[in-house]
Amino acid sequence: MDPKNYESRPELLGDRIVLVTGASDGIGRALAVRSAALGAQLILHGRDTAKLEAVYDEIEALDAAPRPSIAVMDLATADSGAYTSLADSLMDEFGRLDGLVHNAGMLGDRFSIEQYDAVTWQRVMHVNVTAAFALTQVCLPLLGESGDPSIIFTSSGVGRVGKAFWGAYAVSKFATEGLSQVLADEHRDGKLRVNCVNPGPTRTSMRLEAYPGENRDELKMPEEILPAYLYLLGPDSRGVTGQSIDAQ
Ligand code: NAP
């Protein structure tokens with residue numbers, strides 16, 4: 001079965017508690033809404049309360065979707081106390097986590113390595129890699145309480161083959177693939193599955209920032225690239241771990 005062609009059934013994610021980072025926009029937003037429509041209890045993470053509330057309203061308007069929660073945290077500035085208090089509040093409210101989708105990310109500059117600004121480099125590496133590490137670490141006890149836990153990291157084509165002028169973004173996605181593989185190997189004998197998804201070219205704000213001149217009509221919408229994510233979040237991917245999967 002090719003995950004990109006996976007067909008989800010109604011209630012696929014019923015009773016699952018799923019945290020999506022960067023749920024305020026783009027792919028994360030589409031995944032959160034679709035997952036809620038399939039029965040998941042969503043925790044919508046982002047840094048912009050108003051944008052998250054709009055996603056909350058969209059989910060609340062769905063028939064029979066569990067009412068989501070909102071977790072506001074800027075991944076560029078959050079300290080260890082912010083991660084711990086998020087995990088503590090999830091433990092208090094839900095007692096476990098079944099899905100953790102590391103989707104939030106930033107592009108940074110499209111410059112050569114020679115010209116790349118060091119401060120931007122650190123910010124991109126921090127938001128795209130270190131924050132995912134920190135959130136994973138505090139969420140592992142919550143995932144340990146699930147009968148069928150799944151972590152999804154978000155990669156990119158430039159995280160598999162280096163490409164000129166993609167700077168810290170490309171390097172951060174290589175690191176994300178590495179983090180996913182290391183964690184998957186550490187849990188190879190357990191129930192936790194850990195995988196990477198490469199969304200492929202998708203019509204979002206980040207894509208516009210990276211390719212301002214392209215014809216956007218030819219790009220897939222976020223809603224069209226979700227099957228691989230849903231496959232990995234639901235029970236049909238049990239035993240699938242350590243993989244890097246193309247959503248397109
Ligand atoms: P997007 O529309 O720009 O969404 C990015 C999300 O990350 C937004 O929710 C954004 O919040 C959040 N975010 C960014 N910086 C943050 C921070 N410091 N703290 C908290 N949240 C933060 O981009 P997208 O295209 O959907 O990207 C989603 C993922 O797919 C990213 O990891 C990206 O690298 C990856 N990807 C995308 C493509 C593509 O073609 N679109 C291709 C390959 C990989 P705000 O709403 O507040 O900005």
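The values are calculated or read from the model by the stated rules, or taken from the named source; none is laboratory data. These numbers come from a predicted model, not from an experiment. FYI the Cβ positions are ideal-geometry reconstructions off the backbone, even for glycines, and counts take in every protein chain you see.
Within the stretch 138-161, residues that are at pLDDT 95 or above have Cβ atoms under 7 Å from residues that are among the aromatic types (Phe, Trp, Tyr) and in a loop (DSSP other than H, G, I, E, B) in these pairs: 158/166, counting only partners at least 6 apart in sequence or on another chain.
Taken as a whole, the condition of being surrounded by fewer than 21 Cβ atoms within 10 Å (Cβ to Cβ), of a type in the set (D, E, K, R) and in contact with a Ser or Thr (Cβ under 7 Å, 6 or more places away or on another chain) applies to residue 177.
Put simply, of 178, 200 the only residue that is assigned to a loop (DSSP other than H, G, I, E, B) and at pLDDT 95 or above is 200. Scanning the stretch 181-197 for residues that are among the acidic types (Asp, Glu) and assigned to a loop (DSSP other than H, G, I, E, B) turns up just one, 189.
Counting the residues of the stretch 205-220 that are exposed (fewer than 15 other Cβ atoms within 10 Å of the Cβ) and either in contact with a Cys (Cβ under 9 Å, 6 or more places away or on another chain) or closer than 22 Å to residue 100 by Cα (or both) gives 0.
Kindly establish whether residue 96 is touching a residue at least 60 places away in the same chain (Cβ under 8 Å) and either within 16 Å of residue 127 (Cβ to Cβ) or under 14 Å from the mean Cα position of the chain (by Cα) (or both). It is false that residue 96 is touching a residue at least 60 places away in the same chain (Cβ under 8 Å) and either within 16 Å of residue 127 (Cβ to Cβ) or under 14 Å from the mean Cα position of the chain (by Cα) (or both). The set of residues in the stretch 167-187 that are within 11 Å of the ligand (Cβ to nearest atom) and closer than 18 Å to residue 207 by Cα comprises 169, 170, 172, 173. Out of the residues in the stretch 138-171 that are of a type in the set (Val, Ile, Thr) and in contact with a helix residue (DSSP H, G or I) (Cβ under 6 Å, 6 or more places away or on another chain), which is surrounded by the fewest Cβ atoms within 10 Å (Cβ to Cβ)? Among them, the one singled out is 138. Of the helices (runs of 4 or more DSSP H) lying entirely inside the stretch 24-137, those containing at least 1 residues that are of a type in the set (Val, Ile, Thr), more than 16 Å from the ligand (Cβ to nearest atom) and surrounded by fewer than 16 Cβ atoms within 10 Å (Cβ to Cβ) span 80-93.
Given the criteria outside any helix (DSSP H, G or I) and among the hydrophobic types (A, V, I, L, M, F, W, C), does residue 19 qualify? For residue 19, the condition - outside any helix (DSSP H, G or I) and among the hydrophobic types (A, V, I, L, M, F, W, C) - is met.
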